[in-house]
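Worksheet: one structure, shown below.
Laboratory data are not the source of any read-out in this text; all were calculated from the coordinates shown. Everything numeric here is computed off the predicted structure, so don't read it as measured data. Cβ coordinates were reconstructed from backbone atoms using ideal geometry, including for glycine residues, and neighbour counts include every protein chain displayed.
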Amino acid sequence: MSIVGATTTELLARFERGDLSSVEATTAYLDAIALNDQRVKAFLHVDYDHAVAQAKAVDAKRARGEPLGKLAGLPVAVKDVVCTAGQPTTCASRMLKNFVPPYDAHVVTRLRLADAVLIGKTNMDEFAMGSSTENSAFQVTRNPWDLERTPGGSSGGSAAAVAAGMSPLALGTDTGGSIRLPAGYCGVVGMKPTYGRVSRFGLVAYGSSLDQIGPFANDVAGAALLLEVLSGYDRRDSTSVDTPVPEYSRTLEEPLGGLRIGIAKEHFVEGLDREVEQSVRDALEVYRSLGAEIQEISLPHSKYAVAVYYVVAPSEASSNLARYDGVHYGHRAAGFENMIDMYSASRGEGFGPEVKRRIMLGTYALSAGYYDAYYLKALKVRRLIRNDFDKAFESVDVIASPVAPTPAFKIGELIDDPLAMYLSDIYTISANLAGLPGLCLPAGASCDNLPIGLQLLAPPFDEDRLLRAARMFERETQWHKRRAMEVGD
Amino acid sequence: MSDKLTRAEVLKVAKLARLKLTDAELDDCTTKLGTILDYVASLDDVNTDDVEPLVHAVELSNVFRDDVVEPSLPQQAALANAPKTDGRFFLVPQILDAGD
């Protein structure tokens, strides 16, 4: 059996049996990176020696019979917006090209405690702003299923790394769909937890009321296991919520009796690709055959979600990114006239076009005379979007929808049309505004063999049921077994 | 709420945001931000009378903790990423005239 095509469950079983070591597994993934990443360009930093050293340490621990963490020996790739002590964390920005964090993010501490092997840092849209990973200051990541297409974004590097067999697990972040969209485009499982489920300590902030860190894996069990490790209260993030973390991986195989699935009529309108719609409808048939009840629901304000998001997220971004002033860390311009000019010149040089655009948009929306008309108005509509979901979840357990209107688009296709790019997040963005958990799993293929994702949303802190609902579908289908790239080993 | 955005307004916002933009970037921003704001104007269609703004999905308030002294980042670690230091402080351009 191929190592790099294996699921996390299979890898852990082989470690347990002793017929595979973490060093062998890690080396196989590093070989896959060496072989494929020149084309895919998913990684910004790979520290080969350090990865092997971590794997050796885990193997030694196992040999000594010491207790091991839940991810013992498994490589995990980390989006380059999450701080790793002593290793570069660039946010794919010129601004942070040379930044080396002095501390680990909470989730990185969790990974280390779980005996994971940190295999490298992945490419992304600069400061997580984008839907294609083309906004990286350093490289454009390509979709492993079709190198002419984008992997989606902003966590495109992490999704592509898992899809191309360059890591069995990866971390992404999702502010408006940045985990779920690339998961859909790359044919892997990606999950955004409930806002507050995972600590944001050490995550470089973009839209603080929306950002969540979540898992990528090549099956639901892998995502459940990684989420279990990441989740939980952390006093260093005052928005992290102190509720118990269920053992998601333990209950995963228990099907949900009497599952009620909602489909929103607003999700099946003009602009939705025929093959994508068909895949979602086929998925609903699978659920129906398992005894689930499909109900039509209404999310009347969902058509305003993208507009709300592009006021709220840039407003928060304009405030969060004010910290890049060329003083404490980050890029400082070589030439300037005075202090203010140093700020402006450093920021003008350090940020790329999309980041500048969003800072401008947010500054405008928050500026005197516009605050009520834009920012406050958007927050009120945000409440209405949340109310729609609260009402829908009175009668259904999960909401099923496409993850995006089309399969992966071509590199360059939308780069000059920001609004069209923003609309690729039309199905994912509401979950962030409402703080809901959402998951995307492979549920079809287009006639061009591109993956098609199914999105499931659940009420806050219902990750357990969300994962089980996803697993019910996965168990009945073969879509998750398709692999974009195989490497012999 | 969306009047057509002018280049002068964009320039003013760039100043507020402390962003030095080139002429080409200013032109580009004027066009593209205008398009985005036109799209955002669809929010005007929604009646939000008596609707409370939703700032956060998890509506927590006043998260308190004890005020306890803990070790902070060592000075050298805090300075390690700075563009310019003298080994003890962050260095910035002079902000006061010599006569002040």
> Quick one: in the range A:110-242, what % of C-alpha pairs are over 27 Å apart?
Replying inline: 13
> What are the principal axis extents of the Cα atoms in the range A:273-406, in Å, biggest first?
Replying inline: 69, 32, 26
> Which of the trypsin sites (Lys or Arg not before Pro) found in the range A:21-104 are in a DSSP loop and have at most 11 neighbouring Cβ atoms, other than their own, within 10 Å?
Replying inline: A:ARG64
>> Under 8 Å for C-alpha pairs, at least 6 residues apart: give me the relative contact order for chain B, rounded to a whole percent.
In response: 18
> Shape call for the range A:322-386 from the C-alpha gyration tensor, a ≥ b ≥ c root eigenvalues: rounded (a/c under 1.5), prolate (a/b greater than b/c) or oblate?
Replying inline: prolate
>> Need one word for chain B: rounded, prolate or oblate. Basis is the Cα gyration tensor (sqrt eigenvalues a ≥ b ≥ c); a/c below 1.5 gives rounded, then a/b vs b/c decides.
In response: oblate
> In units of 2.2 N^0.38 Å, what is the alpha-carbon radius of gyration of the range A:296-357?
Replying inline: 1.64
>> Students often check this: by mean Cβ neighbours within 10 Å, which of A:106-116, A:319-329 ranks highest, and how do the rest follow?
In response: A:106-116, A:319-329
>> Could you give me D for chain A, from Stokes-Einstein at 20 °C and 1.002 mPa s, where the hydrodynamic radius is the Kirkwood radius over C-alpha pairs? Units µm² s⁻¹, please.
In response: 96
> Can you give the relative contact order of the range A:1-144 as a percent, counting alpha carbon pairs under 8 Å and 6+ residues apart?
Replying inline: 26
> Considering every residue in A:323-330, what mean count of other chain Cβ atoms within 10 Å of its Cβ is obtained?
Replying inline: 4
